[in-house]
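What follows is a set of notes on a single structure, which appears directly below.
The values are calculated or read from the model by the stated rules, or taken from the named source; none is laboratory data. This one's a predicted model, so the numbers in the text were calculated from it and none came from an experiment. In this analysis, Cβ positions are derived from the backbone assuming ideal geometry, glycine residues included, and neighbour counts consider all displayed protein chains. Surface accessibility is based on the protein's heavy atoms, side chains included, excluding ligands, DNA and RNA. Shrake-Rupley method; radii C 1.70, N 1.55, O 1.52, S 1.80 Å.
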Amino acid sequence: PVCSMGNSTSRLYSALAKTLSSSAVSQHQDCLEQPDSARLDPIDPKELLEECQMVLQKRPPRFQRDFVDLKKNPVSNHRPIRVMQWNILAQALGEGKDNFVQCPMEALKWEERKCLILEEILAYKPDILCLQEVDHYFDTFEPLLSRLGYQCTFFPKPWSPCLDVEQNNGPDGCALFFLKDRFELINSANIRLTAMKLKTNQVAIAQTLKCNETGRLFCIAVTHLKARTGWERFRSAQGCDLLQNLKNITQGAKIPLIICGDFNAEPTEEVYREFSNSSLNLNSAYKLLSPDGQSEPPYTTWKIRPSGECRHTLDYIWYSQHALNVNSALGLLTEEQIGPNRLPSFNYPSDHLSLVCDFSFNQDPDRLL
C-alpha cells in the first residue's frame, strides 16, 4: 500500500517522478546553458528526503557515518561552511562501461540509484556540493537542487565517454552547487585543462564566492583528472595547469581556496606532490583523520572489475591551510560496511565515497602566509 503523506508531498513526488523518465532532455540542449528553474516552487528538503526513502523502501538502509571533530582552535564566530566532494558515477558508465562484476544490474537502475544519491546529499546538507561524473544534470540535479536553494553550474567533458554508450543521457562532467542564501557569486570560470600545451578532455569549474555572514571571499574549485594507469605524467600536467589557473584566480593565494576532485591519483603520484608543495599552501583535509595528521585514508574508492579488485585513494578536498581550519570531517565507510561485493551496491550508489568537511575562516590569515 502506498503511504499518503499529504498534498504537498504528492505534488513533490510528481516533481521527483518527472525526473525519472526524461531521457532526452539534454540531447538537444547546449550543455553550458542554464535552464531557468527559479520560477519553480521551492522544495522542502525533508519532504524530498521522505520521497526518496519511499522509493528506496525495499533497499537496505543507508550506512551510518559519523563526523570526526578536528577542531584545534577555539570555536570560530561564524557558522562553518560544509563542503561535499563526490564522484557520483555516471549512469551511462555504471550501466554500460565500468563493468562492476559483483554489482547486480538492478542495483544500478537510475530510478532508485538517483534517490540514493539525493538521500546522501540531503542527509549531510552541504553548503557547497562538488560532483564529478554528472550525466543527469539537466533532468535531475539542476531542477531539484535549484529548488532546494542552490545555484547550479555544469561543465561537461568535450568528448565524454558516456556518449559512446547506447541510450546515454548526454555527456558527463563536473557540477558545482552552492546555497544562494549563504554565498554570493563574484566570479565563475569554466576551465578546460591542458597537458603539454594540448587541450584535454578533462575540465574544472572555479568560482569565487563571498560568504554573506563574514563578508570574506574564497574560491571553490571542482575537477576530475584523467583516469588509468600509464597516464601519470598527463595527470601531472593537468594538475600544473589547474594550479596555474587557480593562482591567477586567487591572486597567488590572497583569496582562500578549496579544491574538490577525483584526481585519479594515489598520494604517491607526482600530481599529489604538486598540490602538496604548491605555493598556494594547500593541505589535504582528509589527512587530518589519520593519527599523525600526515596520511591519506586507505581508500576512497573500492570496486571489483573483471581485472580484479581495485582499492584506491583518489578523491581529495584540498584547502588553504593558512586561511581555513577544518572543524570536522565525515568518517569513511568501513570494510565491513562496504561488504565483500564492494561498490556500488544496493546500499551505496557510487564506486567512490563521498567526502564532507566543515571549514571555518582563520581570524588572521595574513599572519600565517
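Residues that are under 28 Å from residue 43 (Cβ atoms), touching a strand residue (DSSP E or B) at 6+ places or on another chain (Cβ under 6 Å) and small (Gly, Ala, Ser): does segment 166-187 have at least one? Yes, there is a match, as at least one residue in segment 166-187 is under 28 Å from residue 43 (Cβ atoms), touching a strand residue (DSSP E or B) at 6+ places or on another chain (Cβ under 6 Å) and small (Gly, Ala, Ser). Here residue 312 meets each of (1) within 30 Å of residue 115 (Cβ to Cβ); (2) crowded, with 18+ Cβ neighbours inside 10 Å; (3) at pLDDT 95 or above with one exception, condition (2). Are any of the residues in segment 142-158 of a type in the set (Val, Ile, Thr), crowded, with 19+ Cβ neighbours inside 10 Å and touching a Lys or Arg at 6+ places or on another chain (Cβ under 7 Å)? The answer is no, given that none of the residues of segment 142-158 is of a type in the set (Val, Ile, Thr), crowded, with 19+ Cβ neighbours inside 10 Å and touching a Lys or Arg at 6+ places or on another chain (Cβ under 7 Å). Put simply, of 270, 309 the only residue that is of a type in the set (Asp, Glu) and over 17 Å from residue 100 (Cβ atoms) is 270. Apart from one condition, residue 86 fits all of (1) open to solvent by 10 Å² or more (accessible area, probe 1.4 Å); (2) aromatic (Phe, Trp, Tyr); (3) part of a strand (DSSP E or B); the exception is (1). The selection criterion, being over 28 Å from residue 249 (Cβ atoms) and either at pLDDT 95 or above or open to solvent by 40 Å² or more (accessible area, probe 1.4 Å) (or both), holds for residue 331.
Those strands (runs of 3 or more DSSP E) of segment 184-281 in which at least 1 residues are loosely packed, with under 14 Cβ neighbours inside 10 Å, among the basic types (Lys, Arg) and at negative phi, considering only elements entirely within it, cover 198-211.
I'm trying to understand the selection: among the residues of segment 340-357, which are open to solvent by 10 Å² or more (accessible area, probe 1.4 Å) and among the charged types (D, E, K, R)? Hit for segment 340-357 is 342, nothing else. Within segment 147-163, residues that are closer than 20 Å to residue 177 by Cβ and in contact (Cβ under 8 Å) with a residue 40 or more places away in the chain reach partners that are open to solvent by less than 20 Å² (accessible area, probe 1.4 Å) and of a type in the set (Ser, Thr, Tyr) with beta carbons closer than 6 Å, at six or more positions or on different chains, in the pairs 154/137. If the condition is being more than 30 Å from residue 209 (Cα to Cα) and either out of contact with any Lys or Arg (no Cβ under 8 Å at 6 or more places or on another chain) or among the aliphatic types (A, V, I, L, M) (or both), then segment 80-102 contributes 92, 93, 95, 96, 97, 101.
Which residues, taken from segment 139-166, are closer than 22 Å to residue 95 by Cα, part of a loop (DSSP other than H, G, I, E, B) and in contact with a helix residue (DSSP H, G or I) (Cβ under 8 Å, 6 or more places away or on another chain)? Once the filter is applied, which keeps residues that are closer than 22 Å to residue 95 by Cα, part of a loop (DSSP other than H, G, I, E, B) and in contact with a helix residue (DSSP H, G or I) (Cβ under 8 Å, 6 or more places away or on another chain), segment 139-166 yields 165, 166.
Yes/no per residue for (1) at pLDDT below 95; (2) assigned to a loop (DSSP other than H, G, I, E, B); (3) surrounded by fewer than 18 Cβ atoms within 10 Å (Cβ to Cβ):
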{"position": "17", "(1), (2), (3)": "yes, no, yes"}
{"position": "31", "(1), (2), (3)": "yes, yes, yes"}
{"position": "34", "(1), (2), (3)": "yes, yes, yes"}
{"position": "43", "(1), (2), (3)": "yes, yes, no"}
{"position": "48", "(1), (2), (3)": "no, no, no"}
{"position": "68", "(1), (2), (3)": "no, no, yes"}
{"position": "102", "(1), (2), (3)": "yes, yes, yes"}
{"position": "115", "(1), (2), (3)": "no, no, no"}
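Among the residues of segment 196-225, those that are of a type outside the set (Val, Ile, Thr) and under 16 Å from residue 155 (Cβ atoms) comprise 199, 201, 202, 204, 206, 207, 219, 221, 224, 225.
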